[in-house]
1. Tell me the per residue accessible area of the chain using a 1.4 Å probe; a whole number in Å² is fine.
2. Which order do peptides 138-151, 44-57, 165-178 fall in by mean Cβ count within 10 Å, highest first?
3. DSSP loop trypsin sites (Lys or Arg not before Pro) in segment 55-121 with at most 12 other Cβ atoms within 10 Å of their Cβ, which ones?
4. Report the per residue volume, in Å³, of the convex hull enclosing the C-alpha atoms of segment 57-214.
5. Rounded, prolate or oblate: which fits segment 124-191 when a ≥ b ≥ c are the square roots of the eigenvalues of the alpha-carbon gyration tensor, with rounded for a/c under 1.5 and prolate only if a/b beats b/c?
6. Using just the helices of the chain, give the 222 nm mean residue ellipticity in deg cm²/dmol: DSSP H runs with n ≥ 4 each add -39,500 (n - 2.57), and the total is spread over all residues, rounded to 500.
7. Measure nothing fancy, just the Cα-based angle from helix 25-39's long axis to the longest principal axis of the chain, in degrees from 0 to 90, nearest 10.
8. Just need the relative contact order of the chain here, percent rounded to a whole number, with Cα pairs under 8 Å and 6+ apart.
Amino acid sequence: MRSMSLALPGCGMSEATSEIPPSDPFSLFEVWFGEAKASEPNDPNAMALATATPNGRPSVRMVLLKDRSHDGFVFYTNAASRKGEEIRANMHGALLFHWKSLRRQIRIEGPLEEVSEEEADNYFHSRPRNSQIGSAASDQSRPLPERRVYLDRVDAIAERYPEGDIPRPPHWTGFRLSPRRMEFWHDRANRLHDRRLFLREDEAEAWENTLLYP
Ligand SMILES: Cc1cc2nc3c(=O)[nH]c(=O)nc-3n(C[C@H](O)[C@H](O)[C@H](O)COP(=O)(O)O)c2cc1C
């Protein structure tokens, strides 16, 4: 990797200029994610998910990355939730990882697709039974008159299925975001941050990349 010194006018400091490498962005993601798993105190797989209504009103919330491959980045949720409704109406999303312990950010954008029934079943039933019950009992994003109502629904499902797995509710599913744009950002001294953008028009295409001014 190229390295040299950069004199900063007026502040008498210098800064190594090694850049984020132009390697395959999926491989780069794996390297950074591996480092985040080693250094983040909680949920290194937590990412902000932005969706938008068809008329361009955005909303954002955290979700957990549960699977990843060259086909894309997968999270699971309730498709009848606010995000689910926005996704159904506008199958595009943006993901953001910010690992504070590493001072790094990754932005990922692209179209979304629903995972197969089989994938959704497999993941739902890999979760602890109590998590299955909690999800099945939740009308995610709908008004809840008081917490007791939710807890009663939890109890009712636990009684109805006294042991083993809970059937996956049909609206509980996963979505896969197929990246068209991936940007890696790394904090550097004196706010001379390092950014590399990878772009492709569709998933069959090779990635192009460029550095960006911070
Ligand atoms: C760290 C973290 C991880 C979360 N992971 C998920 C998740 O994987 N799936 C999910 O549906 N909600 C998850 N949530 C809750 C969402 O942020 C959000 O409250 C919920 O999905 C409802 O969002 P909506 O009303 O925009 O649909 C998570 C929240 C936090 C803080």
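1. Details: 12330 Å² over 214 residues.
Per residue, the chain has an accessible area of 58 Å².
2. Numbers: 138-151: 11.3, 44-57: 15.1, 165-178: 18.6.
Highest mean packing first, the order is 165-178, 44-57, 138-151.
3. Passing sites in segment 55-121 are 100, 103.
4. For segment 57-214, the hull spanned by Cα atoms encloses 155 Å³ per residue.
5. Prolate is the answer for segment 124-191, as a/c is 1.5 or above and a/b outweighs b/c.
6. On the way: 5 runs with 56 residues, N = 214.
After summing the helix terms and dividing by residue count, I get -8000 deg cm²/dmol.
7. 80
8. Result for the chain is 20 percent.
The values are calculated or read from the model by the stated rules, or taken from the named source; none is laboratory data. Treat the numbers as computed from the prediction; the structure is a model and nothing was measured. Every residue, glycine as well, gets a Cβ built from its backbone with ideal geometry; the counts of neighbours run over all protein chains shown. Side chains are part of the model used for accessible areas, which takes the heavy atoms of the whole protein and leaves out ligands, DNA and RNA. Shrake-Rupley method; radii C 1.70, N 1.55, O 1.52, S 1.80 Å.
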